[in-house]
């Protein structure tokens, strides 16, 4: 059994009056795989599920009771959607804040749209984290040539220059070896507002998923160990190999972020572990996270079910693992380059589960699905899930037409 970090302290009496009963309709802004898995969890609890997205046939719409295709800044369309649902949440943080504000005129929006406003800008996010007393890597804002010079003086060594907004999976960022590279790097990003972060020599990257309910109760999952390739999450394993002191620190960080930002919903915190035991917050995502996908197969209550519970005003579920350690491997569109992946070969392996997102067109770097695997240790689970993914590469030749 896991070294549980679960802090669920539900108070059913305090949330029952505001809980939405099964049969209510939960709406989500965003049509990707996170919305799809939220919808599946909602269905399991007896809720109806609706999607508002600018994608005509996204993964979420495929499993929804109904969906609307429209622009997030179309207030009339958003208001019409909000009137037809009983609560709204977000599938990804880059939904324009106006959508949340508009929907909030009619139904509860969880988490509150103000949190989206904070995390959509790296500077606002970092300042918010610092305001909560949390450690972050040294950083500097760049919006002008004068600030560029100030940033170069503050962080003269290696760093990462990131656009202030709308960056994810490595998009909108450039690594710089020294301050001398800064002018060209900023030029390559189009001279848009940016944040320079000092490159930190961390010993490990971990993430923690946590949920907070309408009554303030909190449930924290055990930490996940993450490995990235080309800035995209490649493999996650749990539990992360951490000292008892680190586990306690991460729990406190999760509680500080959830309560400090008054989150109602699910949130993921990405962390850097440093030599000497220091833990820095890299960034936060106010929704379920790629690293938490393995909770569907390995934990009592998945991150998506807890998102449903929080949005519906229900008591949170336990984030405790139900069995052996687990690992997840992302399946990117690159796997289809040689033809259809060999699904039977991967699924023949014991302890392996497959999740595909219903995306019709595979492209390099596009997340098409994921595999999870369990084993006696987290390291063995990671090996197993990698072996299962490698088996997919023995591609079945595409049929001739």
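Farther than 26 Å from residue 265 by Cα, outside any helix (DSSP H, G or I), over 21 Å from the mean Cα position of the chain (by Cα) and modelled with pLDDT under 95, is that true of residue 338?
It is true that residue 338 is farther than 26 Å from residue 265 by Cα, outside any helix (DSSP H, G or I), over 21 Å from the mean Cα position of the chain (by Cα) and modelled with pLDDT under 95.
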*asked:* Tally up the residues in region 22-53 that are part of a loop (DSSP other than H, G, I, E, B) and within 19 Å of residue 301 (Cβ to Cβ), please.
replied: 3
*residue 254 being touching a residue at least 12 places away in the same chain (Cβ under 8 Å), under 16 Å from the mean Cα position of the chain (by Cα) and over 29 Å from residue 354 (Cβ atoms)*: yes
*Output the residues belonging to region 293-331 that are in a helix (DSSP H, G or I) and closer than 18 Å to residue 389 by Cα.*
297
*asked:* Looking at region 11-26, can you tell me whether even one residue there is surrounded by 22 or more Cβ atoms within 10 Å (Cβ to Cβ), within 23 Å of the chain's Cα centre (by Cα) and modelled with pLDDT of 95 or more?
replied: yes
*Identify the residue in region 360-389 that is more than 24 Å from residue 338 (Cβ to Cβ) and outside any helix (DSSP H, G or I) and, among all such residues, is farthest from the chain's Cα centre (by Cα).*
376
*Search result, residues across region 137-146 that are crowded, with 18+ Cβ neighbours inside 10 Å and in contact (Cβ under 8 Å) with a residue 60 or more places away in the chain*: 137
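One residue is enough: does region 33-41 have a residue meeting the conditions over 30 Å from residue 377 (Cα atoms), buried (at least 17 other Cβ atoms within 10 Å of the Cβ) and modelled with pLDDT of 95 or more?
Scanning region 33-41 turns up at least one residue that is over 30 Å from residue 377 (Cα atoms), buried (at least 17 other Cβ atoms within 10 Å of the Cβ) and modelled with pLDDT of 95 or more.
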*Only one of these is touching a strand residue (DSSP E or B) at 6+ places or on another chain (Cβ under 9 Å) and without any contact (Cβ under 8 Å) to a residue 60 or more places away in the chain: 300, 316, 332. Name it.*
300
*Taking residue 29, is it under 22 Å from residue 212 (Cβ atoms) and surrounded by fewer than 24 Cβ atoms within 10 Å (Cβ to Cβ)?*
no
*Which members of region 64-77 meet the condition of being assigned to a helix (DSSP H, G or I) and either in contact (Cβ under 8 Å) with a residue 40 or more places away in the chain or in contact with a strand residue (DSSP E or B) (Cβ under 7 Å, 6 or more places away or on another chain) (or both)?*
77
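The values are calculated or read from the model by the stated rules, or taken from the named source; none is laboratory data. In this text, all values refer to a predicted model and were calculated from it rather than measured experimentally. Quick reminder, even Gly has a Cβ in these numbers, built from the backbone with ideal geometry, and neighbours come from all protein chains shown.
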